[in-house]
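Novice: A single structure is presented below for examination.
All of the numbers you see were taken from the coordinates with simple rules; none came from a lab. What you see is a predicted model, and the numbers here were worked out from it, not measured in a lab. Positions of Cβ are backbone-derived with ideal geometry, glycine not excepted, and every protein chain shown enters the neighbour counts.
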Amino acid sequence: MKKTGTLILTGWDSEGHAYAHSAALALLAYPDATVRGVSKARLSEALEQAEEYGRVLILGVALGGDPARLARTVRALARQRTALCWISALPPPASVDAGTLQALSPYVRELSLQATVCACLGVKDILAAAVKANAPLLDAAGYAHRHLEDDAFFAAAVRHIAHDEGPEAWSPGSLPQPTAISGGWCAKDVSARICFIG
């Protein structure tokens with residue numbers, strides 16, 4: 001069975017939203033890709049669930065965690081002919097062996113993660129303003145992950161930014177009435193609705 005599709009794995013954001021920004025840029029190159037947020041501790045687990053994809057882009061996620069498990073998982077994907085690419089602004093840790101690193105096809109530049117993703121994938125960063133305008137949406141998506149353990153909201157928020165839909169797409173005035181939300185906002189998306197009660 002021929003594997004198709006692209007999976008974008010990126011880190012969880014703090015101030016600045018560099019990981020979400022980078023994932024949105026990757027969506028410019030691969031608009032139909034699946035996006036997931038993942039920590040370095042759960043990278044191997046996420047890769048173990050990626051066998052249906054033909055391509056996996058790992059954006060800025062540190063290669064820490066369990067080096068032996070990472071090695072097994074990466075080599076298994078490589079044997080299945082999954083194209084892997086680890087894109088980072090920082091060099092890999094010494095704990096990652098040469099064979100694993102080779103299978104990850106690293107692309108490392110001493111630039112910001114966003115600039116490194118653009119250089120690797122041949123896209124232009126036209127999303128900086130959209131990321132800034134949608135910071136509350138990304139904050140809510142991070143909240144949903146941390147407290148609900150659901151990264152679907154993060155994926156929807158990143159896709160929203162890649163489409164440069166703007167905050168009006170999730171502002172209170174754009175919601176159908178009546179709405180059960182007061183003093184908060186909701187994001188509308190074809191696949192998810194993200195709500196933040198403030």
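Novice: Peptides 54-64, 107-117: what's the order by average Cβ count within 10 Å, highest mean first? Please list the in-between numbers first.
Specialist: Numbers: 54-64: 21.4, 107-117: 17.7.
Descending mean neighbour count gives 54-64, 107-117.
Novice: Further question: Please give the direction-averaged projected area of the C-alpha convex hull for region 1-114, in square nanometres with one decimal. Don't skip to the answer; put the middle values down first.
Specialist: Working: hull surface 26.5 nm².
That works out to 6.6 nm².
Novice: Here is a follow-up. Want the number for Trp12 to Asp125: 0.36 nm per residue separation, take away the alpha-carbon distance, what's left?
Specialist: Values: separation 113, 0.36 × 113 = 40.68 nm, distance 1.97 nm.
That works out to 38.7 nm of additional length.
Novice: Oh, and also: Between Glu45 and Asp139, what is the label-to-label distance in nm when each label sits 7 Å out along the Cα-to-Cβ direction?
Specialist: For Glu45 paired with Asp139, the spin-label model returns 2.8 nm.
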